[in-house]
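In what follows, a structure is listed as structure tokens, so that the remarks can point back to it.
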Amino acid sequence: MIQFDAIHKRFPNGTTAVHDLSLEIPEGGVTVLVGSSGCGKTTTLRMVNRMVEPTSGTIRVGGKDVTRQDAAELRRSIGYVIQQAGLFPHRTVLDNIATVPLLLGHGRRRARARAAELLETVGLTAESGRRYPHQLSGGQQQRVGVARALAADPPVLLMDEPFGAVDPVVRTQLQDELLRLQKELNKTIVFVTHDVDEAVRLGDRIAIFRTGGHLVQCAAPAELLARPADDFVADFLGAERGLKLLSLKTLADVPQGPAPEGGAWTLVLDEARKPLHWAPKDTKDAEIPLRPLADGDSLLAALDESIASPTGLIARVDADGVLTGVSSRDDIHEHAGRAHTAARTRTGTEPETETAA
Amino acid sequence: MFELFKNLGKWLTSGAQWAGSDGIAHRLTEHLQYSLIATLVAAAIGLPLGLLIGHTGRGAFLAINLASFGRALPTVGLVVLVFLASGLSMWPVYIALVALAVPSIVTNTYAGMTAVDPDIKDAARGQGMRGHQVLFQVELPLALPLIMTGLRLALIQVVATATIAAYVSFGGLGRYVFDGLAQRDLVQVLGGAVLVAVVAIVLDLGLATLQRFLFRHRTA
């Protein structure tokens, strides 16, 4: 979908932002460009919609060389979301979202109708469409930024650290929303961040850049975590690489059994059979709270919960929160280990890693 | 002192003083006419210049220096100079007033344009706006509060200075000042000065209120 072919970018002041980049971004899915500041990830992103022109090399989107297209028309066909949202402060939220349809000459009425539809898509009320950007919270502004990028239904979405300026709780919400949206829309998303956890969470593929504009490795998150190409990648991913890998695996395959009875601790349920907490046999001790987990939760969450549990058991529930059984710390450990081995020695499929020297 | 104010009050409120071709109503109309024409011409010169410099980021140094130069020009000297060159006409007055107003308009327009958040301009380009669309749909509306401040300042300066029309034998409220001086009629001088000051203040307050109303949705 997006092909970078031998791309170099030198700025007039002599710094090399991108060095000999060749990378193919397939259609559909989220590709995250990650690296510390000054590594060329944002420059790489901005070359796709010609906000920055490469010094040499070619970039194709959908097979067409971007430099052969009118820059303004190219940009209208590619969604673009930036940090701080960059909303127009003098226009209402609705008119902000309608920007690109209006530029495409769709007419005010049609553009506004489309904008109203998108407000709902990104989880904002119809009422907020009449407000001005400064009347919204940072998280809401960022949602408007995403809606504006989606307004003309572009196949490609470029996102430049879109969630960098919001607090961690809101960031998690926005990430969840993006994943939900992506499931629905299946765009080709290129996402820039310097946050490894965000990259692992959102990326179908992650491209790691090193200072000086070198692409070091591009692979699926599990593969990257299990088999970093070199020490730089390993360092960048951090010491808890193993745990991050577990955040990608779900609890679904871990076996479960019935909750034990008559031990030192009892799992207490309410009348709907939803787990409440662990109660001690010796009533002098306090009850210990628990967090029930469903099949979709990660192995990392399961491991965390099993460490906190007085019995080493975690309570498993179905979608309605009703107890289905318990799993032991040992079973979780064993699965975690197996997940690691599998990621390290992937057989059958061709490794997706592309390394650049 | 008290006597002077009493006479001034009489002068300002007597019906005879307001009527006729030398009456306050007529002189006020002339004064406003000179001021508006000069400010509009200055806007026609200063606005495009300020917008161009602000949009392209080029020529700022030259424009700002020209503007300071314009501010340093002695208005009366300019009137006399053009008067000597062109003879008796309104040209000297208009040229001097326009030269006075252009710098405020250019510098404020330029300041308004440079104050637009670069992220917002970047976003506008990134959504696919062309240069003129960024200028007219984003930069100009965002710079408008400062641009209007520049126009307001220019108009007030021009209103206060348009008295010089009378210096080269034309009308306006300056008539009372110069005639009063010639006739040693202090009440008339004072009356003219008070009228000019009142007009300037009323215009300033009126335009400031209009600005507040127009930009009530803006944060800052």
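Taking a ≥ b ≥ c as the square roots of the eigenvalues of the Cα gyration tensor of chain A, is the shape rounded (a/c under 1.5), prolate (a/b larger than b/c) or oblate? Can you show the working numbers first?
Values: a/c = 2.66, a/b = 1.50, b/c = 1.77.
Taking the square roots of the gyration eigenvalues as a ≥ b ≥ c, chain A is oblate.
Round to the nearest 10 and give me the degree value, 0 to 90, for the angle of helix B:24-56's Cα axis relative to the longest principal axis of chain B.
20 degrees
Could you work out which residue, out of B:26, B:55, B:132, moves most in a Gaussian network model of chain B, that is, has the largest mean-square fluctuation with Cα springs under 10 Å?
B:132
Evaluate the relative contact order of segment A:1-51 (contact order divided by residue number), counting alpha-carbon pairs under 8 angstrom at least 6 apart; express in whole percent.
Working: 53 pairs, mean separation 16.0, N = 51.
About 31 percent, as a whole number.
Taking only Cα atoms, what is the 0 to 90° angle, nearest 10, from helix B:140-161's long axis to the longest principal axis of chain B?
20 degrees
Taking other Cβ within 10 Å of each residue's Cβ, how do B:91, B:11, A:278 sort, fewest first?
B:91, B:11, A:278
What value, in deg cm²/dmol to 500, does the helix sum -39500 (n - 2.57) over DSSP H runs of n ≥ 4 give at 222 nm once divided by the residues of the protein assembly as shown? Don't skip to the end; give the middle numbers.
Values: 24 runs with 292 residues, N = 577.
After summing the helix terms and dividing by the residues of the protein assembly as shown, the value is -16000 deg cm²/dmol.
With only Lys, Arg, Asp and Glu charged, each at its Cβ (+1 for the first two, -1 for the last two), find how big the charge dipole of segment B:2-219 is about the Cα centre; round to the nearest 20 debye. Provide the component values of the computation, followed by the final result.
Details: 14 positive and 10 negative charges, 55 e Å.
Dipole of segment B:2-219, to the nearest 20 debye: 260 debye.
Which whole-number percent of Cα pairs in chain B have a distance greater than 31 Å? Please report the intermediate quantities before stating the final value.
On the way: 8057 of 24090 pairs.
Tail fraction, whole percent: 33.
Over every pair of different alpha-carbon atoms in segment A:150-286, take the mean of 1/r and invert it; report that Kirkwood radius in Å.
Details: mean 1/r = 0.0535 Å⁻¹.
One decimal place: 18.7 Å for the Kirkwood radius.
If you plug each phi of segment A:250-266 into the Karplus form 6.51 cos²θ - 1.76 cosθ + 1.60 with θ = phi - 60°, what whole-Hz ³J(HN,Hα) values come out, in order, with x for Gly and Pro?
9, 7, 3, 7, 6, x, 9, x, x, 5, x, 10, x, x, 5, 10, 10
I need to check one value: relative contact order of segment B:2-219, counting alpha carbon pairs closer than 8 Å and at least 6 residues apart, in percent. Walk me through the numbers on the way to the answer.
Values: 259 pairs, mean separation 52.6, N = 218.
Rounded, it is 24 percent for segment B:2-219.
Provide the gained length on full extension for the span residue A:279 to residue A:239, in nm with one decimal, where the gain is 0.36 nm per separating residue minus the Cα-Cα distance. Please list the in-between numbers first.
On the way: separation 40, 0.36 × 40 = 14.40 nm, distance 3.59 nm.
Between residue A:279 and residue A:239, full extension yields an extra 10.8 nm.
Once label points are set 7 Å from the Cα along Cα→Cβ at both residue B:21 and residue B:5, what is their separation, rounded to one decimal in nm?
The answer from the label model is 3.7 nm.
Need the C-alpha centroid separation for segment A:248-290 versus segment B:181-211, integer Å.
One Cα centre to the other: 86 Å.
Any chance you could give the angle, 0 to 90 degrees and rounded to 10, that helix B:60-72 forms with the longest Cα principal axis of chain B?
Tilt relative to chain B: about 10 degrees.
I want the antiparallel fraction of DSSP beta bridges within the protein assembly as shown, as a percent rounded to 5. List each step's numbers first, then the result.
Numbers: 34 of 55 bridges.
Beta bridges within the protein assembly as shown, antiparallel portion: roughly 60 percent.
Cut-off is 10 Å between beta-carbons; in what order do A:340, B:31 appear when sorted fewest neighbours first? Don't skip to the end; give the middle numbers.
On the way: A:340 18, B:31 25.
Fewest-to-most Cβ neighbours within 10 Å comes out as A:340, B:31.
With N set to the residue count of segment A:248-357, report its C-alpha Rg divided by 2.2 N^0.38 Å to two decimal places.
On the way: Rg = 17.3 Å, N = 110, 2.2 N^0.38 = 13.1 Å.
Working it through for segment A:248-357, the quotient is 1.32.
Under a plain spin-label model, where a point goes 7 Å from the Cα along Cα-to-Cβ, how far apart in nm are residue B:36 and residue A:318?
It works out to 8.0 nm between the two label points.
Please find the FRET efficiency linking residue B:197 to residue B:114, where r is the Cβ-Cβ separation and R0 is fixed at 45 Å, and quote it to the nearest 0.05. Display every interim value, and only then the final one.
Values: r = 33 Å, r/R0 = 0.74.
Computed FRET efficiency for residue B:197 and residue B:114 comes out at 0.85.
Grab the other residues whose beta carbon is less than 12 angstrom from that of residue A:331, score K and R as +1, D and E as -1, and report the net. Show your work: numbers first, answer last.
Values: positive: A:316, A:329, A:338; negative: A:253, A:330, A:334.
Result for the neighbourhood of residue A:331: 0.
If exposed trypsin sites (Lys or Arg not before Pro) are those in a DSSP loop with at most 13 other Cβ within 10 Å, what is the longest stretch of chain A that has none? Before the final figure, lay out each step's value.
On the way: sites that count: A:273, A:281, A:284.
Longest site-free region, per DSSP loop and neighbour criteria: A:1-272.
Report the one residue of A:321, B:85, B:46 whose Cα lies farthest in the direction of the positive end of the charge dipole of the protein assembly as shown (charges on C-beta: Lys and Arg +1, Asp and Glu -1; origin at the Cα centre).
B:85
Counting only C-alpha contacts under 8 Å and six or more residues apart, can you give the relative contact order of chain A as a whole percent?
17 percent
Can you say what percent of the DSSP beta bridges in segment A:2-246, counting only those with both residues inside, are antiparallel? Round to 5. Don't jump to the answer; show the numbers that get you there.
On the way: 18 of 38 bridges.
Rounded to the nearest five, the antiparallel share is 45 percent.
I'd like the distance separating the alpha-carbon centroids of segment B:13-51 and segment B:112-146, in whole Å.
Cα centroid to Cα centroid, the span is 34 Å.
How long, wide and thick is segment A:64-144, going by the Cα atoms along their three principal axes, in whole angstroms, largest first?
Here the Cα extents, ordered largest to smallest, are 41, 29, 23 Å.
Too long at a 26 Å Cα-Cα cut-off: which of A:9/A:64; A:41/A:244; A:9/A:249? Spell out each step's value before the answer.
Numbers: A:9/A:64 20 Å; A:41/A:244 22 Å; A:9/A:249 38 Å.
From A:9/A:64; A:41/A:244; A:9/A:249, over 26 Å: A:9/A:249.
Taking amide hydrogens as modeled 1.01 Å from N in the peptide plane, which residues meet the under 5 Å criterion relative to residue A:259, leaving out close sequence neighbours?
Under 5 Å from the amide H of residue A:259: A:326.
Read-outs throughout are calculated quantities, based only on the coordinates presented, and are distinct from any laboratory measurement. Keep in mind that what you see is a predicted model, and the values were worked out from it rather than measured. Because the Cβ atoms are built from the backbone with ideal geometry, glycine has one as well, and the counts that use them run over all protein chains shown.
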